[in-house]
Structures are given as C-alpha cells and as structure tokens.
1. Amide H neighbours of Lys239 under 5 Å, counting only residues 5+ apart in sequence or on other chains, H built in-plane at 1.01 Å?
2. Extending each Cα 7 Å along its Cβ direction at Lys238 and Glu282, get the distance between those two points in nm, one decimal.
3. Distance in nm between label sites at Lys104 and Ala363, each 7 Å beyond Cα in the beta-carbon direction?
4. Along the positive direction of the dipole of the chain (beta-carbon charges: Lys, Arg +1; Asp, Glu -1; about the Cα centre), which of Val374, Thr170, Leu44 reaches farthest?
5. So, in nm, how far is label Ser119 from label Ile345 when the simple model puts each one 7 Å beyond its Cα toward the Cβ?
6. Within the range 48-62, list the residues whose amide N lies under 17 Å from a label point set 7 Å along Cα→Cβ of Lys226.
7. Mind ranking 84-92, 214-222 by how tightly packed they are, going by the mean number of other C-beta atoms within 10 angstrom, highest first?
8. What number comes out for accessible area per residue over the range 19-171 if the probe is 1.4 Å? Units Å², please.
Amino acid sequence: MAAKAFDVVVIGAGPGGYVAAIRASQLGKSVAIVEREHLGGICLNWGCIPTKAMLRSAEVFHLMHRAKEFGLSAEKISYDLDAVVKRSRKVAGQLSGGIGHLMKKNKITVFMGAATLPSKGRVAVKTDKGTEELTAPSIIVATGARARELPGLEADGDLVWTYKHALQATRMPRKLLVIGSGAIGIEFASFFNTLGADVTVVEVQDRILPVEDAEISAFAKKAFEKQGMKILEKTMVKKLDRAAPKVTAHIERAGKTETMEFDTVISAVGIVANTEGLGLEELGAKIDRSFVVTDPHCRTGVEGLFVIGDATNGPWLAHKASHEGVMVAELIAGGHPHAVDPASIAGCTYCHPQIASVGLTEAKAKEAGHEIKVGRFPFIGNGKAIALGEPEGMIKTIFDAKTGELLGAHMIGAEVTELIQGYVVGRALETTEQDLMNTVFPHPTLSEMMHESVLDAYGRAIHF
C-alpha cells in the first residue's frame, strides 16, 4: 500500500495535538492526526473536564448543606455516586464528540491506531485494518502522559486506584488514603471528603501543594483540616498490604513506621510521559526520565520533529500543550512565534477552596535575586465574597521593588481559577504596579481583591 503524504502529521489528539492540527490546517497545511484511544486525549476524557464535572457535583452538595445560611431549606440531602459519575462521563463524551466535528470541519484526516516513527519523516499507524504508512516533512509528537506507579503501590482498580479508577468509582470510599498532594491528589481528596469519606493525604515533601507559594499551601492545609481531612507531610507510604476489603498502609514519619488501615487508596504521585516504543531515541531525540528534551520552541534537534505538551518539559498542563501546538504549527508554516514562557502559565487546582497561581512564588523571587514588595488581601474584606458566603481566602501579589514588574500572583478561595487570568494577561502585557493601580475594577466583584492586593504591596490598601 502506498504511503499517504501530508504536510504535517500529529501523533496524539489531546489538547496539544488536536489544537496543533487545527492551527496547521488553518495555515494551509494538509494535516493527519493519529490517536490510539479517544479524540480529546486524557484531558477531555479522563482528566481536566470529567474531574471538574465531579467536583461541581461535590460543590453543589456542599452548598445544599449550607442552605439555611442563605435563608433556604433543603431536607434529606443525599447523593447518587453512579449518577455523579454518569454525568461526568456524559460531559466528557459530549466534548470528545465535538473534537471529531472539529477535525472534519478543518479537513484533518484522522487515523485511529498506534503510531511509530520507523524513520525520519515517516509514521506507521497500526489500525484495526492493518498498518497505514504516512509521510510528512513535519511531525508533531503530542502523546501526553499517564499516572506514575511506584513499586508496591501499583493500582489494581479495586483497593488501589489511579485518577482513572476514581473517575469511574463504583463505590464510595469510607476511609480513603490519597498518596500525593499535587493538583490531582488534592482534587480527589476534596471531592471524596465533601461527599463524606474519611480522608488522609500523605505528602513526601515538607508541605502539601509543594509547587504553590508556601503561604498558600499553609492556608490550604488549615482549610482542609477544618473540613476534616488529615494531612501528613514529610511522610512516605513504604508499602501497601492488600487483603480485601482493606488495605494496610505502612507509613513512615520522622523515622518511625506505623500502619494505618483504609478501604481505598488513590495514588497520585506524578506522571510518566508516553514516549516509549515510538522510535524517538532511534531518530536522535534525547529523553530524560521519560520526557523528550526540547528547546523553547519544542524542537528536538531532529529536523522536522517536534514534541509538545506532557511528553516534554513542564509544567504539564493542558493549556500549555495547546499553546505549544499553535506555536509549533506557526513555526512549521514559516512564522516567528514567541516561545511559550513556562513562568507565564497559570496553574489551577479545583479543590475547595480553589487555588490558582502564576509566576514566581515569594521564595523563588527572592532566590532569583529580586528585591520584592508583597501585597495581600483577604476575602473577608470583599463585599462580593461575603455576599456569596465565601469569606475564606486570600490574594497575594509579588512585585519587583525596583521596576514594579509583577513577578507572581497566588490565590486561594472561591472562583480564583477564573480570577487568575487577569494577572496572566497583565504579565503578558508586561504590566507594572502603576498600570494595575490605575485600572478601575468593577464593584461588587471578587476581582476588586486583585486591585487591593496590588495596593497593599505599596502600603495603599483601602478596605483592610
């Protein structure tokens, strides 16, 4: 069978791959995309979207219990876990189907199968009907990542779960151990805790949410403990003894090992890139701990071969992958796009309370040699937050004292995952403290706290 020729072949149809394919098509390129599982990748099918659907159910459940505070009444409040999961899967399915429509609309040829790179400029796709041979001068690898599994803590789908098992839970954990307190671990801890599970979170580092600003981590820990979670920092799960219906965890803290019993464990200890078996190293790409090493424009050093998203350098976030997809498509089409700056990528965690951040933490700013000014503003000082019944939270901003550059912003509280984009835009426009101070924020909104936090950095806060 003759090879099918394209200008661009994209391997992986997640938020990096499908966006790269669409942009390349918009720029006049003939494009093929190869996907071995589901259009939309992990994000749409097993990550960002279905988790947010489940967390929304937990949020509504939480609010129903607070009905009296709002002058309302709700009796016999309960939940149906099967229905919660079903709604989450339906939302994911709707969006995944939408990607198929976008592929057709943009005249992108879709090949469902597993890809390999037998030689430069060639892609072999193993499909149900046999092997398809594709050729292209430009190949974009967007194969994503999967959950990391540690020896002795491997998931079995029954007693020990990964995020995938948690997203299609068939039973409600009574006593849950979450290993790892990054975004994935904390979101599932928050979801099951809200629905009534007895949740313990174990983090090997000295604080939960270790990539966040230390002050935000400390605030989050207090909020979670107030909700009934147990948080164990500087702690390691050494092994799990499984004897249905329970798991005995051997937990090491301060040099001592103790055992604790649970009925469910969720392992959320990071990710591994899906880069093996593709033939990348044989072509000359360098791989470091499963991730392909690239330059800031996602070039691998192999002519015509690019790697984007979770298969390469962090942060491992869907929106970074999408932006890299656009950047690489424009590069292939002869453009001169700016490289994606990892420091300008916002991180969002949809636990309760929500957490969002962009740029440098206070510690990293000092480490980088900046003389800094720091502003803070609490939710309790904001009229909209009080009206919403969400007075717990804070916004923290960090500026370079000499230039007024916004170095970082860190938030915890209601809807901060939406608010953070204001600071992201500010950083992209190279805003200074003066620009932000002179901006008129609408009232009453949560966004006014962003203004007040900036004012506070310069001793000018009005409402606190």
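1. Amide H to amide H, under 5 Å and 5 or more residues apart or across chains, Lys239 pairs with His250.
2. Between Lys238 and Glu282, the label points sit 4.3 nm apart.
3. Using points 7 Å along Cα→Cβ, the separation is 5.1 nm.
4. Sorting the options by dipole projection puts first Thr170.
5. Between Ser119 and Ile345, the simple spin-label model gives 3.4 nm.
6. 62
7. Details: 84-92: 17.7, 214-222: 19.4.
Per-residue Cβ counts within 10 Å, averaged per peptide and sorted highest first, yield 214-222, 84-92.
8. 52
The values are calculated or read from the model by the stated rules, or taken from the named source; none is laboratory data. Everything numeric in this text was worked out from a predicted model, so none of it was measured. Neighbour counts are summed over all protein chains in view; Cβ atoms, including those assigned to glycine, are modelled from backbone coordinates with ideal geometry. For the accessible areas, the whole protein counts, side chains as well, though only heavy atoms, and no ligand, DNA or RNA atoms are used. Shrake-Rupley method; radii C 1.70, N 1.55, O 1.52, S 1.80 Å.
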